[in-house]
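First comes the structure, then the notes that go with it.
The values are calculated or read from the model by the stated rules, or taken from the named source; none is laboratory data. Every value quoted in this text rests on a predicted model; they were computed, and no experiment measured them. Note that each Cβ is placed from the backbone with ideal geometry, even for glycine, and that neighbours are counted across all protein chains shown.
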Amino acid sequence: MGNVSSSFQQAAWRRLRKNRGAMFGLVVIGLSVIVAVFAYYIAPDSSPNANRIILEIGSKKPGFKKTFVLLPKDQRPVLRSFFSRLISGQEDFYQHVPVNGYKIRGRDSIVICRYIDEGVEDTVAYATGDVPFAFIKYNIQEKKFLLGTDKFGRDILSRLIVGTRVSLSVGLITVIISLSIGLLLGSLAGYFRGKTDDIIMWFINVIWSIPTLLLVFAITLALGKGFWQVFIAVGLTMWVNVARLVRGQVLAVRELEYVEATKALGFSNIRTIVRHIWPNIMGPVMVIAASNFASAIVIEAGLSFLGVGVQPPQPSWGLMIKENYNFIITQNPMLALAPGFAIMLLVLAFNLLGNGLRDALNVRGRI
């Protein structure tokens, strides 16, 4: 039995590798996971939530360059460990002051032309200590904003990178919640049938009749707005598809010989379902899990856009579109288009992977 299962998995993997669309989706998802895990080490702005606000350079176009003087803050932040920074970033040690130019004055000071707005600047002198050239080397930097800045002067690329965590996290937690509930209720309904099936199917039909977005709104309002609340809200609305699929699969296999053999051997119903039925219906479940992952990303973006999802200053692609959608028809459309393209690419990747899994596992027409 083990050899048969192993050979089937190998054959499925060979079919999946031949599917270019599925492999493209797999590569995009893999890169997204790496970006999400190491977001604060990849992003140009490694401050918590990529929330470095520099109002003077707000709403700049992609490719914008500016010179900054880095001035030590009055209260020096605590230096975080590798894992602490990996999870929540590192607070800035310096205040970033945009300048148009600078020159050394004497042996212990530097005069800078502080940038305030287009055509507006202010001349300010700062003490540099005994070695002004060292100050210039370490405290004056030129930064390039590849995707521009939002209205608060925050780096769009950094917020896009950190926002990858939200989209992948909501998809992952949604899939875990939906699979847990869907597998349990669908298996009970399909295996025991009778009154158990009638009650569970009645409950499924009631949930099915409520529009998904309306149900998400109700759960979100009951749990409150926030990072974890939107995960739970989306997860609790997407288990119905899983439950209906699992019920149908269990009804199809419960009369097969290997299930009858487990009954003859005296195995418990729970063992039969978990150890013998579930492994044989995981193909269709994996396909619908990939579809739910993509749907969860879109729903989370929609909730954040409507203001009931992830709350500022935490970056979310939907929230970024909400904050900047008015720039689409004005001078800087990339502020809203960049997160929109990111959502489209990640959702496309999961849909392509789901289609590839369907073909590789030969479950066409069964879902």
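Scanning the range 123-173 for residues that are under 15 Å from the mean Cα position of the chain (by Cα), polar (S, T, N, Q) and buried (at least 21 other Cβ atoms within 10 Å of the Cβ) returns Ser158, Thr164, Ser167.
Scanning the range 45-79 for residues that are modelled with pLDDT of 90 or more, basic (Lys, Arg) and surrounded by fewer than 16 Cβ atoms within 10 Å (Cβ to Cβ) gives a single hit, Lys65.
Condition check ((1) under 30 Å from Val253 (Cα atoms); (2) buried (at least 17 other Cβ atoms within 10 Å of the Cβ); (3) not assigned by TED's automatic domain parsing to the domain that holds Ser295; (4) not aliphatic (A, V, I, L, M)) across all residues:
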residue: Leu184; (1), (2), (3), (4): yes, no, no, no
residue: Thr196; (1), (2), (3), (4): yes, no, no, yes
residue: Phe203; (1), (2), (3), (4): yes, no, no, yes
residue: Ala218; (1), (2), (3), (4): no, no, no, no
residue: Gly224; (1), (2), (3), (4): no, no, no, yes
residue: Phe227; (1), (2), (3), (4): no, no, no, yes
residue: Met238; (1), (2), (3), (4): yes, yes, no, no
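Condition check for Ile321 on (1) part of a helix (DSSP H, G or I); (2) modelled with pLDDT under 85; (3) under 17 Å from the mean Cα position of the chain (by Cα): one failure, at (2).
Reported count of residues in the range 94-105, each being in contact (Cβ under 8 Å) with a residue 12 or more places away in the chain and more than 37 Å from the chain's Cα centre (by Cα), is 5. Only one of the numbered conditions (1) more than 30 Å from Arg20 (Cβ to Cβ); (2) in a helix (DSSP H, G or I) is not met by Pro315, and that is (2). Of all the criteria given as (1) in a strand (DSSP E or B); (2) touching a helix residue (DSSP H, G or I) at 6+ places or on another chain (Cβ under 6 Å); (3) under 19 Å from Ser59 (Cβ atoms), the one not satisfied by Leu147 is (1). Here the condition is being in a helix (DSSP H, G or I), assigned by TED's automatic domain parsing to the domain that holds Val240 and out of contact with any helix residue (DSSP H, G or I) (no Cβ under 7 Å at 6 or more places or on another chain); of Ser295, Ser304, it holds for Ser295 alone.
Going by the conditions given, is Glu91 in a loop (DSSP other than H, G, I, E, B), within 32 Å of the chain's Cα centre (by Cα) and touching a residue at least 24 places away in the same chain (Cβ under 8 Å)? Taking the combined requirement at face value, the residue satisfies it.
Residues in the range 30-49 that are assigned to a helix (DSSP H, G or I) and among the aromatic types (Phe, Trp, Tyr): Tyr40, Tyr41.
Can we say Leu251 is modelled with pLDDT of 80 or more and not small (Gly, Ala, Ser)? So Leu251 passes the test. Within the range 272-289, not a single residue is within 15 Å of the chain's Cα centre (by Cα), closer than 26 Å to Leu345 by Cα and surrounded by 22 or more Cβ atoms within 10 Å (Cβ to Cβ).
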